[in-house]
Every structure is written in structure tokens, then in C-alpha cells.
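Right, one structure below, let's go through it.
The values are calculated or read from the model by the stated rules, or taken from the named source; none is laboratory data. Since the structure is predicted, the reported quantities are computational estimates derived from the model, not experimental observations. As a convention, Cβ positions derive from the backbone with ideal geometry for all residues, glycine included, and neighbour counts pool all protein chains shown.
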Amino acid sequence: MMELGATVCLPSAPKCLSCPLRCECLAFEEKTMEDYPTPQKKKPTEKVSVTTALIHKNGFYLLAKRNGKKHLQSMWEFPRFGLEIGVGIKQQKVFPIIHHSIMNQRFYVTPILYCYQKGEPKKNDIYVDYQWIKPGELKNFPTSSLNHKICSIIS
């Protein structure tokens, strides 16, 4: 039945004359074939602006593990700028915006390179763990494709 829907009962150009079920089809009988399937309403696109902190220390970059709440549960990412993580940093370079889409969300990510100055990363409401990694080690951590895009600018 699914193959029939995929090959004969097409939304834009139904092939009713070659359909083995046309004698029983109410849409064919009532000449309303173009009304089916009813299109689903799309969610509105949400634009999300994010600044990511690429904090480096002796060739290593700080990676943060998200808590088990909300989206991206227990995934690793470069820390979001503006979250208090307890380290002193000095801005070095602002990279061009990276565009990334997840379903109905359009992310506009500004990666900023920072040089580590002092302190130890602290747990907070969002991050429960931290690791200093070399860019090539990101593949060993559960993370989103967005972080791989970000990592490509420092590799």
C-alpha cells in the first residue's frame, strides 16, 4: 500500500487512471484528488544567535559537557559565551558567522578565539564537566555537527 502511495497516488500528479484502487477511491469519484494529502502546517522558522568561546591553552581547546536536561543532553560542545565557567580569558580573534540548521531553527554562530589566562572551569546550570582537547580529538566525543563546523576553523 505504501508503494502505491509513493508511485501512483502522488500529491502533485496522481496517476488515477493506472491505479488498481480507483473504483473504490472517493477522491477519484468526487474529482478531489489534488486535495490529498492535506499539507501539514510548517512550524515557523526560529532564528537563534549564539556566540561560542574557543578557549585555547598550549594548543588545547576547552570542551564542555552539557547536563542531562533539555536539548543536546550530555553532549560535548565548545562553551557558549556569556555563561560563567570560572576561567579568565583574553579575546584574540572573532571568526565569521557560521550558519547551521536543525529542523525549524536557524543558528547564527559567532566563534570567538580566546587565550586562557587563569582559573579552573566550574560546573554550572548548563555544563557538568570540562576537557582540554586538541582539535583532532573532537571526533572522540559525542557532539553535534555544529561543533565539527566550528572546529574546522581552528584545525
### Message
Pull out all pairs, ordered by first then second residue, where Cβ-Cβ is under 7 Å, the residues are six or more apart or on different chains, the first lies in the stretch 107-134 and is among the charged types (D, E, K, R), and the second is assigned to a strand (DSSP E or B).
### Response
K118/G88; D129/K65; K134/F60
### Query
Within the stretch 100-112, is even one residue touching a Gly at 6+ places or on another chain (Cβ under 6 Å) and of a type in the set (S, T, Y)?
no
### Task
Being assigned to a loop (DSSP other than H, G, I, E, B) and among the aromatic types (F, W, Y) is the filter here, so list the residues in the stretch 66-96 that pass it.
F78, F81, F95
### Message
Any residue that is within 19 Å of C151 (Cα to Cα), acidic (D, E) and either surrounded by 13 or more Cβ atoms within 10 Å (Cβ to Cβ) or not assigned by TED's automatic domain parsing to the domain that holds S144 (or both) - is there at least one of those in the stretch 27-46?
### Response
no
### Query
Residues in the stretch 40-51: is at least one out of contact with any Ser or Thr (no Cβ under 9 Å at 6 or more places or on another chain) and among the hydrophobic types (A, V, I, L, M, F, W, C)?
yes
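For (1) free of Cβ contacts under 8 Å to residues at least 12 places away in the same chain; (2) of a type in the set (K, R); (3) on the phi > 0 side of the Ramachandran plot; (4) not in a strand (DSSP E or B), each residue gets a yes or a no:
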{"site": "P37", "(1), (2), (3), (4)": "no, no, no, yes"}
{"site": "K47", "(1), (2), (3), (4)": "no, yes, no, no"}
{"site": "H56", "(1), (2), (3), (4)": "no, no, no, no"}
{"site": "L62", "(1), (2), (3), (4)": "no, no, no, no"}
